[in-house]
Amino acid sequence: MQHFIFTKFNMPGFKGNPHMDPEWIEGRIELFKKWLLPSMKQQTCQDFRWFMHVWGRTPDKQAEKLFALQEEYDKLELLWICNREDWHVEWLRDIRNRVEPGDLWTSRIDSDDAVHKAFVEMVQGSGVYAGNYLCFGNGIMHNTQTGKCFQRNYYRNPFLSYHETSYRDAPKDIVTVHNRQHCHAEPISSSSLETPMWLQNVHGGNRGNKFSPGKNEIFNFSEISKDFIGE
């Protein structure tokens, strides 16, 4: 079995343009170093490959910092994509070249978020059949500016995984492209696991996420930090 984890860094987004502003990229690198990188380093199961796709014309200074992060953790592989219009086609080709016959798990995690230290282990041990998505419903919403958190049950969240089977004679049927549209994919299995398995950060640079606890209990990130970033 293979498990690929995908993270989109500064590729074309909602408006079809890559993030090229050095200040934005610097901020995203700092978020990545503080949250997602330590989160992946402390996974209880390290049997995975982690691909972060990066715009091929990223400024040299920031590209050097990304290369340094790749050297820091051998599970992280940068994929440099240059096709603006059909970047996902280029990305998919590169990923397919790495797939071996057999069971394949794919998961997506945003570059400014984090997952529970047992995330990979729980995905691989979930028992979800091939051809189905897996979504852990329970997670944490975290305001990075105040350190306040609340637990959220979010059935169709973007921390999505997919189980499929690949064959040498059917390469067109393997590897789903993970993006936010797949939050609404069918069929999807929602895990009722009580442990929060993901951490979604609200840091002021988000487009769609807001810290809106409603009637949920608010607590401090320090109470759960060891489970997500090891501090």
Within region 154-200, track down each residue that is of a type in the set (A, V, I, L, M) and either modelled with pLDDT of 85 or more or in a loop (DSSP other than H, G, I, E, B) (or both).
Leu160, Ala170, Ile174, Val175, Val177, Ala185, Leu193, Met197, Leu199
For region 52-102, which positions are touching a residue at least 24 places away in the same chain (Cβ under 8 Å), over 20 Å from the mean Cα position of the chain (by Cα) and under 23 Å from Gln124 (Cα atoms)?
Glu100, Pro101, Gly102
Just name the residue that is nearest to Ala130 (Cα to Cα) out of those in region 1-55 that are of a type in the set (Val, Ile, Thr) and assigned to a helix (DSSP H, G or I).
Ile29
Out of the residues in region 201-218 meeting the condition of being in contact with a Phe, Trp or Tyr (Cβ under 7 Å, 6 or more places away or on another chain) and of a type in the set (A, V, I, L, M, F, W, C), tell me which one is modelled with the highest pLDDT.
Ile218
Can you tell me which residues in region 123-134 are out of contact with any helix residue (DSSP H, G or I) (no Cβ under 8 Å at 6 or more places or on another chain), crowded, with 18+ Cβ neighbours inside 10 Å and not aliphatic (A, V, I, L, M)?
Gln124
Any residue in region 103-114 that is surrounded by fewer than 18 Cβ atoms within 10 Å (Cβ to Cβ) and either of a type in the set (D, E, K, R) or under 21 Å from Thr195 (Cα atoms) (or both)?
yes
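The values are calculated or read from the model by the stated rules, or taken from the named source; none is laboratory data. Predicted model only: the values in this text are computed from it and were never measured. Neighbour counts are summed over all protein chains in view; Cβ atoms, including those assigned to glycine, are modelled from backbone coordinates with ideal geometry.
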